[in-house]
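Bear in mind these aren't lab numbers, they're just calculated from the coordinates by the rules spelled out. All values derive from a computational prediction rather than experimental measurement.
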């Protein structure tokens, strides 16, 4: 149970995970998960500010959304990274666009602070230097990062 909002002694609660091998197998997965989902305690002003950087098309619309309509918007979005995953949720040999699936995998938008001033390289391309955020199982061709937006921008 989540503590009352005025109780800041706990940063949140675990609502899912980690998943052991037996529980994973019972759910049809070949692998356990060390990942967890936390329900945090975030005040409304901070939540609103953070969500203002995320376009509505990549969020679930509780009032009238379906799996099909959400997948359609995610597949068309230019906000999310265009990652490719193994077909069949890791059981296949062919890669497909994650944003065109209903796989229970996180979709990403990686942002970084700038670690060097932007410049134009010898080929005439505008270049900025950021931190390299990769994720296990993602192909280097799918690694993508953009400059972190400024608050309120």
**Prompt:** What is the spread of the Cα atoms of the chain along each of their three principal axes, largest first, in whole Å?
**Reply:** 54, 48, 33
**Request:** Would you calculate a helix-derived [θ] at 222 nm for the chain, using -39,500 (n - 2.57) for each DSSP H run of n ≥ 4 and dividing by the full residue count, to the nearest 500?
**Result:** -4000 deg cm²/dmol
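I need the shape label for the stretch 25-103. Rule: rounded when a/c is under 1.5, else prolate if a/b > b/c, else oblate, with a, b, c from the alpha carbon gyration tensor. Write out the running numbers ahead of the final one.
Values: a/c = 2.11, a/b = 1.37, b/c = 1.54.
Oblate, since a/c reaches 1.5 and b/c is not below a/b.
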